[in-house]
Structures are given as C-alpha cells and as structure tokens.
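Bear in mind these aren't lab numbers, they're just calculated from the coordinates by the rules spelled out. Predicted model, so just to flag it, every value in this text is computed and none were measured. Neighbour counts run over all protein chains shown; Cβ positions are idealised from the backbone, glycine included.
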Amino acid sequence: MDTIENVLTLDEFRVSEVRNFPAATTELSNLFRDIAFAAKLINVEVNKAGLVDIHGETGTVNVQGEKVKKLDLYAHQQLTGVLKRGISCAGVVSEEMEDVIVFDDKMSIHSKYIVAFDPLDGSSNIDNCISIGTIFGIYLRSSPTGQPCNKEDFMLQGRSTVAAGYVIYGSSTMLVFATSRSVNGFTLDPPIGEFYLSHPNIKCPENGNIYSINHSNYLNYSPGVQKYLDYFLIKNKEEEGSYTMRHVGSMVADLHRNLIKGGIFLNAATNAFPDGRLRLLYECNPWAFIYETAGGRAINGKQRILDVEFKDIHQRTPLFIGSTLMIQQLEMYLAEENL
Ligand code: F6P
Ligand code: MN
C-alpha cells in the first residue's frame, strides 16, 4: 500500500471524480457520501452485535418469509433515514418493507435518484460472527422532479442502473462503489471513522478456480447445473487442486471474495425455490452491475440479469455470476440441457 499521504480518502476520491469527469454529478456523489455515512452507523452496531442485546430475532417475519433480526431493521432505518435527510434520494425500496417508501419532504421531491437496497444481507449469520453486508443499486427516477415520485419510478430495470455497491462488515469493513466507469473499494479505518481508497479500479479476473454454491441442494438442481458441478469434481480427480469450493452462505462475503480472486457463484432454481432464493432489485441487479463493470458477467441461465424484465419489487431470480470464462462454460452445460 502507498504511504498514507498518497491514499485518497473517500471524500478526496469524490472530489477528484467530479473534477476528472465533468459529467459526474454532485448529486450522485452526495448520495455516495450518504451511503458511506449510513454504512458507518450500521458498522458500529454490527460490531457490537455480540455484546449488547440488540441482536436476536424480533419475532416478526419480513416480506420474504424470513425471520427478521433486530439489526436488519436497524440497518433499514439508518439507511432510510440518512437517504431521506440527504439531497439526492426521492424514495427507496428495501428488502425489509413490503411497499416502496416515497420521500415527500420539501428537499426529497427535488431529488432524482431511487435507491433499492438489502440493508443487511446474510443476517441469519449475525449471531455466528460471520461476515454480512449491505447491497444497494441506484437508479434515476423517470417522473419529473418537484413532486413526490410515483409507482412507475420504482419499476426498476437493471439495465438502467446508474451506480451500485455493497458494504462488507467482515475482518475489515469495506465499501465498494461502482459507476459505469469503474469499481472502487474503500476500507474503513475504524478509530478514525474514515474510508480510504484501498482497492482502486477493481477488475474481476477473466477466469478463476473458485465455485460457490449450496451443494446440499445438488439433487434439486437442473441437469445442466449438476453436470457443471460434476465437471469440477472430475477435474479435481484428474488433478487435485484444479478447483476449490468456497461457500459462506452470506452473499456479500462470497461475491466479494470471488470478485477479487476470480470464480463463479451460483444460486440456482430448486423445487422449493423455482426462481432461486435471491431478489432481483436489491441483490442481483446491483451485483450484476458491479461484476459487469469489473469485467465479469451475470446471467439467470437464459439471459443477462440486467435485462430481466421488472415484474415486482421483491421478485426473485436464479443468479449465476462471476468470471467471464466460467460463466461461458456454464452456458455450454445449460445449452445442452435445453437440447
Ligand atoms: O439473502 C439471501 C441469502 O442469505 C444470501 O446471503 C445467501 O447467498 C443465500 O441467501 C443463501 O441461500 P441458500 O441457503 O439457498 O444457499
Ligand atoms: Mn439478502
């Protein structure tokens, strides 16, 4: 790493982006800062989860039928509150809320962005000290500013994503932010409360040797997915160590690792979840945007994730995402299954 004088803070990075790219708007840059601020608030509580009685289930069930942990709600409230107070966001979609949230205060009606987020992904892992994360996608509203946004503004198409990112609360806390230009990673220095640009211009390796899937569902996957998984086993029999399976079961942890190291992550259709487990708007689209910007790919088995048509804000989709050559090979197996 460079000496500290040469490492940009998140704020210095924001200013340099606006300077270097005149098309970069300060409104998006402000939104980025707001999300970073919410990330710090969430990070403080996530790190205390084992100490204070904030963790544990609230006893309610969220719209996905999953048990809601208190920290999920806390993260949802912090993000929503910070975005409402800021100048850039007109409304949000959250995994935790059945309906969209329209900000109708004086400032927000003039804002041009909609943010879709999963405030705390992998939260069933909180009690076990496993890395968890926040995922977000940023879209332009379609209605004119000056009035509260409407239902159509929330019919979000992946291909219209303006920016996306995630926060990983792990052995370090990192915020990764992607615009159509580049993907950049910032690491939090906790005592100072500053994010530093630690991973400039992240690129997903073209190929990798990691595959990440919940293998216990093998017999419920389609024949193409099964054959693809068999390929890894056969390859390793021929030459041990060709591939390695790594699956935390916390999407942000699995996808962050694979983005940096190269690999493939699969959340495929099963009998119980014919559309897979993951949600399009605030899990798959943001990750697809991040991976594509970094040179990787993301598909649902039939088409590019970012081209999947909007149906409803909580729709699910199978997700296959990773290094381009690994996705290409998976596509060959999936094509055979359709013959
Ligand atoms: O939010 C969904 C999630 O918890 C992801 O973090 C994770 O990748 C996935 O569910 C795990 O699903 P499964 O249990 O099917 O592997
Ligand atoms: Mn999630």
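Observations on the model:
- Test: residue in region 277-289 that is more than 12 Å from ligand 1 (Cβ to nearest atom) and part of a strand (DSSP E or B): no
- Some residue of region 197-218 being within 16 Å of ligand 1 (Cβ to nearest atom), assigned to a helix (DSSP H, G or I), surrounded by fewer than 19 Cβ atoms within 10 Å (Cβ to Cβ) and free of Cβ contacts under 8 Å to residues at least 24 places away in the same chain: yes
- Residue list for region 78-124, restricted to those being among the small types (Gly, Ala, Ser), crowded, with 19+ Cβ neighbours inside 10 Å and away from ligand 1 (no atom under 16 Å from the Cβ): Gly86, Ser88, Ala90, Gly91, Ser108, Ser111
- Any hit, region 251-259, residues being assigned to a strand (DSSP E or B) and surrounded by 14 or more Cβ atoms within 10 Å (Cβ to Cβ): no
- Among the residues here, Val115 does not qualify as out of contact with any Pro (no Cβ under 8 Å at 6 or more places or on another chain) and in a helix (DSSP H, G or I).
- Residue that is surrounded by the most Cβ atoms within 10 Å (Cβ to Cβ), among those in region 308-327 that are more than 17 Å from the chain's Cα centre (by Cα) and touching a residue at least 40 places away in the same chain (Cβ under 8 Å): Met326
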